[in-house]
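Asker: Pasting a structure here, questions to come.
Coordinate-derived values only; no laboratory data. Owing to the predicted nature of the structure, the values given are computational and were not obtained by experimental measurement. Methodologically, a virtual Cβ is constructed for each residue, glycine included, from the backbone with ideal geometry; neighbour enumeration extends over all protein chains shown.
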Amino acid sequence: MPSISRGIGNFVERKRVAKRDLNSRPREEKRREEEREREMAGPVREVAAPAAVKTTALNCISLSDPDINRSVSLLRQACLDSGFFYVVDHGISQEFMDEVFFQSKKFFDLPLPEKMKLLRNEKHRGYTPPLDELLDPENQVLGDYKEGYYIGVEVPEDDPQAEKPFFGPNQWPSKDILPGWRRVMEQYHQEALRVSRSIAKIIALALDLDADFFDKPEMLGDPIATLRLLHYERGEYFTNHFCKASNPVKGIYGCGAHSDYGLITLLATDDVVGLQICKDKDAQPQTWEYVAPLKGGFIVNLGDMLERWSNGVFRSTLHRVIVDGQERYSMAYFVEPSHECLVECLPSCTSETNPPKYPPVTCAAYLSQRYKDTHLDLTSYHERQTREEQT
């Protein structure tokens, strides 16, 4: 990963230099690249317009459906097909969802110096500026063109649990600047966890397990559950030229291609299309499709831990975000089991002819490595900030 001197401390400069370089090449080279972009963008451009994206692309599961067998069947089909599905009738009011989005936007509208006071710490709590995360290094020239904010399970600093990775007190904006912000986010975190547990019951049944399999204390009884607020830039004008925040031909993405790390992810989005999925991550070339936002519903996807648990029967799916000149807000709720949970092949997913494909691993060890692989190391930045505060 890039060192701190080339990373977070100068991320604004990185953006400026990157845009300068992208716009300073010879005219003929630009022309050839634009032609390549038009040729390569064909299949994706056809579904880019909201009118071409149908909500029927993914199965839709109602948590209020009294027919649990129907829900299990729809979920199993979705997990085998794409690893993505919609969830509706989850019990969170649209009024409250609108309030959470409103509060999220208020934070991202703050001046950069104010947001940087809450920069992501070693427990992965707080603000992540653009380019902090690099999810697809083989195809991205820089990090993701998005900013975010991590909020985890609130654990007091004097609690022994706070010594664990991903646990500890959250960082919160000042009440004077954003009154009521913490209350809204903590309530949403609790509501999203409730919904996640309901979905986990259906997943368990789809894997021929007891419905409460994932409710065990070592699993979702004491989970690592993280809310991440996200803001994708629409782009910026630079030297009288509009630089889009996503341009796959040039290796620029709102969010690079990746699969999520945990059990499941609940995604709430505004009405801006941007999420793309690749149903077969092993296929070459890869085929990308847009997923339409669903007002009032969640887009749910499977994570890598569930793929490991199910021995590859249910697969996590590659996804990315392409922002085509529109500002976009979303909220991802990542659901992982407890730190000590051993993620290993489920008995219902293995046989003599289908032995376990993945070695057992604890949740904390797996998550720690994945975060280390994809995020900038901020240690020296925080050390420098501490020294400056002391002088």
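Asker: Give or take rounding to whole Å, what are the principal axis extents of the alpha carbon atoms in segment 211-356, in descending order?
Answerer: Each principal axis gives a Cα extent; for segment 211-356 these are 62, 35, 26 Å.
Asker: Pairwise over distinct Cα atoms, reciprocal of the mean inverse distance: report the Kirkwood radius of segment 141-237 in Å, one decimal place. Walk me through the intermediate numbers first.
Answerer: Numbers: mean 1/r = 0.0622 Å⁻¹.
Averaging 1/r across every pair of different Cα atoms and inverting gives 16.1 Å.
Asker: Could I ask something else about it? Return the sequence-ordered ³J(HN,Hα) values of segment 180-195 in whole Hz as given by the Karplus equation 6.51 cos²θ - 1.76 cosθ + 1.60 applied to θ = phi - 60°, using x for Gly and Pro.
Answerer: The phi angles translate into x, 4, 4, 4, 5, 5, 5, 5, 5, 4, 5, 5, 5, 5, 4, 4 Hz.
Asker: Starting at the first residue of segment 334-341, write each ³J(HN,Hα) from the Karplus equation 6.51 cos²θ - 1.76 cosθ + 1.60 with θ = phi - 60°, in whole Hz, x for Gly and Pro.
Answerer: Taking θ as phi minus 60°, the curve returns 8, 10, 10, x, 5, 4, 7, 4 Hz for segment 334-341.
Asker: Right, here's the next one. Using 0.36 nm per residue, how much length does the chain from E122 to W172 gain when fully extended, once their Cα-Cα distance is taken away?
Answerer: 16.5 nm
Asker: Using the Kirkwood formula on the Cα atoms of segment 82-134, what hydrodynamic radius do you get, in angstrom to one decimal?
Answerer: Values: mean 1/r = 0.0718 Å⁻¹.
So the Kirkwood estimate lands at 13.9 Å.
Asker: Mind putting together the pair-distance distribution for segment 267-340? All Cα pairs, 5 Å bins, whole percent per bin, short to long.
Answerer: 3, 14, 21, 22, 19, 13, 6, 2, 0
Asker: So if the hydrodynamic radius of segment 53-92 is defined as the Kirkwood radius over C-alpha pairs, what does Stokes-Einstein give as its diffusion coefficient at 20 °C and 1.002 mPa s, in µm² per second?
Answerer: Here the translational diffusion coefficient equals 204 µm²/s.
Asker: Here's another thing I want to ask about it. What nm value, rounded to one decimal, do you get for the distance between R194 and Q284 when each label is placed 7 Å out toward the C-beta?
Answerer: Distance between label points: 4.8 nm.
Asker: Please list, short to long, the whole-number percent of alpha-carbon pairs of segment 68-185 in consecutive 5 angstrom bins beginning at zero.
Answerer: 2, 9, 13, 14, 15, 16, 15, 10, 4, 1, 0
Asker: Can you pull the percent of Cα pairs in segment 125-164 with separation above 12 Å?
Answerer: 66 percent
Asker: Let me ask you something else. Could you please report the charge total around F101, scoring K, R as +1 and D, E as -1 over all other residues with beta-carbon less than 12 angstrom from its beta-carbon?
Answerer: On the way: positive: K105, K106, K295, R328; negative: E95, D98, E99, D270, D271.
Combined, the nearby Lys, Arg, Asp and Glu give -1.
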